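This report refers to the structure that appears directly beneath it.
Throughout, read-outs are computed from the coordinates displayed, never taken from laboratory work. These numbers were taken from a predicted model, which means no experiment stands behind them. Here the Cβ positions follow ideal geometry from the backbone for every residue, glycine too, while neighbour counts run over all protein chains shown.
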């Protein structure tokens, strides 16, 4: 994903900073813009809600993931790259998990994994796919990642890939 405007970045960072010590529902847009040093007008130029800030952060993560899939050649590598990419954003994903905002993560996972799966080279599933399968994969990967996160990420990304493949096939 191309560079984002500084004001957009500052708003994202402001929200994430608050999420480290306050419940998501208690954080107000007024506080976010004050901490970011931008106006409400600037906020609404970039976002429509607090939830949208998190969606945009997921867009950034998934753009990184999809961009990196161009260098892989197998289903297994695509799955391992998922765990590696998510690990690169561990602090953000811990906040999503702690604040019980998995619905946003799953929605974005469904969208991007569906997009990725439409290219035969990057297929997530090696069998005919339906929207139900995409939902299953997106939800399953996200929940496996959260389980791994909550258990201290003791397994390597290669081990997590093997676990996923043993369940998915």
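See the values below:
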{"quantity": "Crossing angle, helix 102-117 versus the chain [Cα axis fit, 0-90 degrees, rounded to tens]", "calculated": "50 degrees"}
{"quantity": "Most to least packed among 75-84, 61-70 [average Cβ atoms within 10 Å]", "calculated": "75-84, 61-70"}
{"quantity": "Over 16 Å [Cα-Cα, segment 1-47], rounded percent", "calculated": "33 percent"}
{"quantity": "Pairwise label distance in nanometres, residue 4 with residue 34, each label 7 Å out on the Cα-Cβ vector", "calculated": "2.3 nm"}
{"quantity": "Relative contact order (percent, whole number), the chain, Cα cutoff 8 Å, 6+ residue spacing", "calculated": "22 percent"}
{"quantity": "Label-to-label distance, nm, for residues given as residue 151 and residue 64 (7 Å Cα→Cβ offset)", "calculated": "2.4 nm"}
{"quantity": "Nearest-ten-degree value, helix 157-168 long axis tilted from longest Cα axis of the chain", "calculated": "70 degrees"}
{"quantity": "Nearest 10 degrees, 0 to 90: helix 50-69 Cα axis against the chain principal axis", "calculated": "40 degrees"}
{"quantity": "Percentage relative contact order, segment 1-47, counting C-alpha pairs under 8 Å, at least six apart", "calculated": "44 percent"}
